[in-house]
Amino acid sequence: MGNSKKRVSYHGREFIIEPIDENQININGYVFAPKVVQHTEDRFKVTIGKYNFVLENIDGKLYLEGEEVDINIKPYIGNIGSNSHSFELSKASVQAPIPGKILQVLVSPSELVEKDQEILILEAMKMRNRILAPITGKITEIFISVGDVVAQDQILLRIAKD
Amino acid sequence: MTLSPIIRSVLIVNRGEIAVRIIRACRQQSVYTIALFSKQDAKSLHVKMADECYSLGTGTVQETYLNIPKIIDILHKSDADAVHPGYGFLSENAEFARQVQDAGKIFIGPNPEVIENLGDKIKAKTIAVSVGLPIVPSSDGNVDTFEEAREVANRIGYPIIIKSVFGGGGRGMERVNSPRTLRDAFEGCQSISEQFFGRCEVFIEKFIENPRHIEIQFIGDNHGNVIHLGDRECSIQRSHQKVIEEAPSFLDRDTVEQLGKQVCDLARKMGYSNAGTAEFLWSDGKLYFNEVNPRIQVEHPITEMITGIDLVVEQLRVAANEPLHHKQDQIKLVGHAIEFRINAEDPHAKNLPQSGKITQVIIPGGSNVRFDTFIYPNYIVPNSFDSLIGKLIVKGATREDAISIAKIALKELTISGVQTNIELHQAIIETRDFEKWNTTTDFLNKINIVKILRNYEHMKVAAISQVMEMFKLKVQPSMLGYSQPTSKSSWRESALREQVR
C-alpha cells in the first residue's frame, strides 16, 4: 500500500502524492482527477476541472505552460511511529533572521499562538520587523526580553504543538 | 521631435524598468542619455541602452543609488543638462533636488521647496484643506507625548494609525486598535522615525478600514498651468505595495472632474511643476486626501494608455520650460487600462524576493498590450533591489475587455529562471470579486489568495505527476535551483527592498 506514495519536491516545496486509481491522485490530502486529453510523444495537455495545463518534454527538461519545471519525485519512505517525518512540524525554534534589538515581546510563556501570529518585534536595519509564529502551538520557552540585542540565528523562543 | 535646447542630455538616477522607460522617452526627444549603475547592475539593460554610463562602484544602496555626493560628482563629470530621478531612490529627496539645482542643472520634478512641503504631511494636509479637499480626522499637528496621543485617540476613536511626519512608502506607520497597545506603538513609531527618517515627529489619524485607493495624475508647467489626467485605482495591495492598478477608477465622472479640479488648485497653490499624483482613500462613499507623490509613479503607463499622452516626454518638456502641450478640455479618457506588477518573488513563500539567472522570457503581444521591463535571457536578477522586474499593461474598450486581454497576455507571459508572481495575477483576475470590481486594500486576504494559490499549485503537481507516471517520463535534474530552501539571506533582501521604496 504505502509504496505507491511518493515524495515530490516541486519548486522547492515538498508534496506527498499517492495515486488512488487510474484517474485520481491524492496530493497532500487533496484529491484531483487530472485527465490527459491530448498528447504527442513530448507534449501533453492535461485538464483538471476547468483548468488546462500544457506540459512539454524538451531535451529531458519539463516545461509547464512554457515555464521550466523544477521537479523531483522520490519514493516515500514512511517512518512509522515517529513524528520526525510528519508533514507539519511539531516543534519550532524561532531564530533571529537578522541581528537587531528586541522591541516588543507580544507573547508570554505557555501562551497559545496561531501560525503566522505576530510574536515579536525586532528592530533591525532601522525597521520594525514583525516576527511571526512558524507553527500553531504553545510557547514553551522565551529566551529574550525587551531591549535585548540579538545576533543573527540566535534562538529567541520555542513553540511546541500541544 | 526635439526638445528645447535647454535639455540636450539627461542623467538618469535610477535603475530597472523605469531607467529604461526614461531612456526611451529621451531618445524620442533626441536627448542624449547618461546612466549610472552599481556593480551588481553592470549588465543591466539601462546600462546597455544608455549613450554613456558611469559606475557608482560597489556597496549598499546607500553607498550607490542613494549616494548624493557621488551622484553630484558624476553629474559634473558627465555635464548632463538635467537629472531624472525616476521613482523611489532620490526622487522625493528635496536635498538632492536642491544640490542638482545648485550645480546649475535641471531637476526633472517639482522644486525642492515643493517636495519639502509635500514631505511634511501636516503641511500638505493644511494646503489640501485650503482648496476644499476632504481629509481624514486627525491630530492637530504633531503629537509629542503619550498623554497627548491618548487624548487625540479618544477624540477621533479607535482604530487609529500613528504616522511618522517624515515617513513614507508604508514605513513608519503603526496601527493601534485599542488603548492597551497605544503606548508601545506610539513610542515604537517615534523611535523608528528617529532612526529611519532622522526626525521623531509623529501624528495620529483615524484608521480607515479597508478603503479603496484612488489617485489623480496631474502635471504642471513652469508657467502656472496645471492639468489633471484622470484617475486610477490601486486598491489591490500587499503590505502597502501596489500589485494591480487600473485606470480609470470606479468613481463617477462628475466626482473625478471635481476632484481633478481641486487637485489642480492644490498644485497651483503650491507652485507645483512637473508630474505628480494626489492619493485618496475612499470608504463608504467618502473620499479622504492622503498625500501627493511628487514624482513619476510606477503605474503611470495606465494613464498613458487611456489618455494617449506620454507622461515621461511631458516631464521632459515642462522641465525644458515648455508650456504644457494640452489644455484640460483636450484630455479625454478612452477605454480602460490595467497594470500588473510582475515581481521576482515566490507568492507561496510570503512573497520572498527571488534572484537568479533568467533562462527564458516570452513577452506577450497584440493590440493594446505593453510590457515594460529590463530583463532579458541570461540576465542575472540581483538580490539587492526591489523585486519589480516588469509591468504588464493592457487596454480594452471596457473593463471587461481589458480583463479578457489580460487573461490572454498573462497566459502568454513566461519567465523562467526566477520564480515570479505571474500566477498570483492569474489567480486574482479569475476571482468573482475582481470581476465585480469589489476591490479594497484587504482584497488579497478577503479572497484568501494563499489558499487559491496553494490549490493551484496542488493541481500543477497533480498534472505533472500524472503525466510523468503515465508515460514513464525521465527528466534531468533541473538546474534552476528552486529546490534549495529559501535561506535567511532572502529575508535580509526583503528587508533591504523595503528600504528602497
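The values are calculated or read from the model by the stated rules, or taken from the named source; none is laboratory data. Remember, it's a predicted structure, so these values are computed and weren't measured experimentally. Because the Cβ atoms are built from the backbone with ideal geometry, glycine has one as well, and the counts that use them run over all protein chains shown. Note: accessible area is taken over every heavy atom of the protein model, side chains too, but ligands, DNA and RNA are not part of it. Shrake-Rupley method; radii C 1.70, N 1.55, O 1.52, S 1.80 Å.
Brief remarks follow.
- Filtering the stretch B:89-117 to residues that are closer than 14 Å to B:Ile68 by Cα and not in a helix (DSSP H, G or I) leaves B:Phe89, B:Leu90, B:Ser91, B:Glu92, B:Asn93, B:Ala103, B:Phe107.
- Residue within the stretch B:333-344 that is part of a helix (DSSP H, G or I), open to solvent by less than 20 Å² (accessible area, probe 1.4 Å) and assigned by TED's automatic domain parsing to the domain that holds B:Lys407 present: no
- Some residue of the stretch A:115-137 being basic (Lys, Arg) and more than 21 Å from the chain's Cα centre (by Cα): yes
- Every residue from the stretch B:427-470 that is in a loop (DSSP other than H, G, I, E, B) and open to solvent by 60 Å² or more (accessible area, probe 1.4 Å): B:Lys436, B:Asn438, B:Asn448
- Conditions (1) in a loop (DSSP other than H, G, I, E, B); (2) at pLDDT below 95; (3) not aliphatic (A, V, I, L, M): number failed by B:Tyr272: (2)
- Within the stretch B:257-285, being of a type in the set (A, V, I, L, M, F, W, C), open to solvent by less than 10 Å² (accessible area, probe 1.4 Å) and under 20 Å from the mean Cα position of the chain (by Cα) holds for B:Val263, B:Ala275, B:Ala278, B:Phe280.
- The sole residue among B:Ile358, B:Ile380 that is touching a Lys or Arg at 6+ places or on another chain (Cβ under 6 Å) and either surrounded by fewer than 22 Cβ atoms within 10 Å (Cβ to Cβ) or farther than 26 Å from B:Lys411 by Cβ (or both) is B:Ile380.
- Condition met for B:Ala402 (closer than 16 Å to B:Ala337 by Cβ and within 14 Å of another protein chain (Cβ to nearest Cβ)): no
- Filter result for B:Lys407 (within 11 Å of another protein chain (Cβ to nearest Cβ), modelled with pLDDT of 90 or more and open to solvent by 20 Å² or more (accessible area, probe 1.4 Å)): no
- Among the residues making up the stretch A:105-152, those that are in contact with a Gly (Cβ under 8 Å, 6 or more places away or on another chain) and either under 29 Å from B:Phe197 (Cβ atoms) or without any contact (Cβ under 8 Å) to a residue 24 or more places away in the chain (or both) are A:Ile121, A:Leu122, A:Glu123, A:Ala124, A:Met125, A:Arg128, A:Asn129, A:Val149, A:Val150.
- Within the stretch A:47-67, the set of residues being at the interface with another protein chain (Cβ under 7 Å from one of its Cβ atoms) and part of a strand (DSSP E or B) comprises A:Ile48, A:Tyr51, A:Phe53, A:Leu55, A:Asn57, A:Lys61, A:Leu62, A:Leu64, A:Glu67.
- Qualifying residue in the stretch B:125-147 (condition: hydroxyl-bearing (Ser, Thr, Tyr), over 27 Å from B:Asp265 (Cβ atoms) and part of a helix (DSSP H, G or I)): no
- Within the stretch B:247-256, tally of residues that are touching a strand residue (DSSP E or B) at 6+ places or on another chain (Cβ under 9 Å) and open to solvent by 10 Å² or more (accessible area, probe 1.4 Å): 4
- For the stretch B:136-166, the set of residues classified as of a type in the set (A, V, I, L, M) and buried (at least 18 other Cβ atoms within 10 Å of the Cβ) consists of B:Val136, B:Val143, B:Ala149, B:Val152, B:Ala153, B:Ile160, B:Ile161, B:Ile162, B:Val165, listed by residue number.
- Note on the stretch B:1-71: enclosed strands (runs of 3 or more DSSP E) holding 3 or more residues that are touching a residue at least 40 places away in the same chain (Cβ under 8 Å) are B:9-12.
- Of note, B:Glu116 satisfies the criterion of being of a type outside the set (A, V, I, L, M, F, W, C) and within 25 Å of B:Gln262 (Cβ to Cβ).
- Checked against (1) in a strand (DSSP E or B); (2) free of Cβ contacts under 8 Å to residues at least 12 places away in the same chain, A:Phe44 meets all criteria but (2).
- Screening B:Ile192 on (1) under 30 Å from B:Pro347 (Cβ atoms); (2) without any contact (Cβ under 8 Å) to a residue 60 or more places away in the chain; (3) surrounded by fewer than 19 Cβ atoms within 10 Å (Cβ to Cβ) shows it passes everything except condition (3).
- Looking only at residues in the stretch A:96-148 that are among the charged types (D, E, K, R) and touching a Lys or Arg at 6+ places or on another chain (Cβ under 6 Å), the one that is farthest from the other protein chains (Cβ to nearest Cβ) is A:Glu141.
- Verdict on A:Asp162 being at positive phi and either of a type in the set (A, V, I, L, M, F, W, C) or under 22 Å from the mean Cα position of the chain (by Cα) (or both): no
- For the stretch B:132-167, the set of residues classified as on the phi > 0 side of the Ramachandran plot and touching a residue at least 60 places away in the same chain (Cβ under 8 Å) consists of B:Gly132, B:Gly141, listed by residue number.
- B:Leu424 being closer than 16 Å to B:Pro347 by Cβ, assigned to a helix (DSSP H, G or I) and within 23 Å of the chain's Cα centre (by Cα): yes
- Positions within the stretch B:72-85 being open to solvent by 10 Å² or more (accessible area, probe 1.4 Å), at negative phi and in contact (Cβ under 8 Å) with a residue 12 or more places away in the chain, in sequence order: B:Ile72, B:His76, B:Lys77, B:Ser78, B:Asp81
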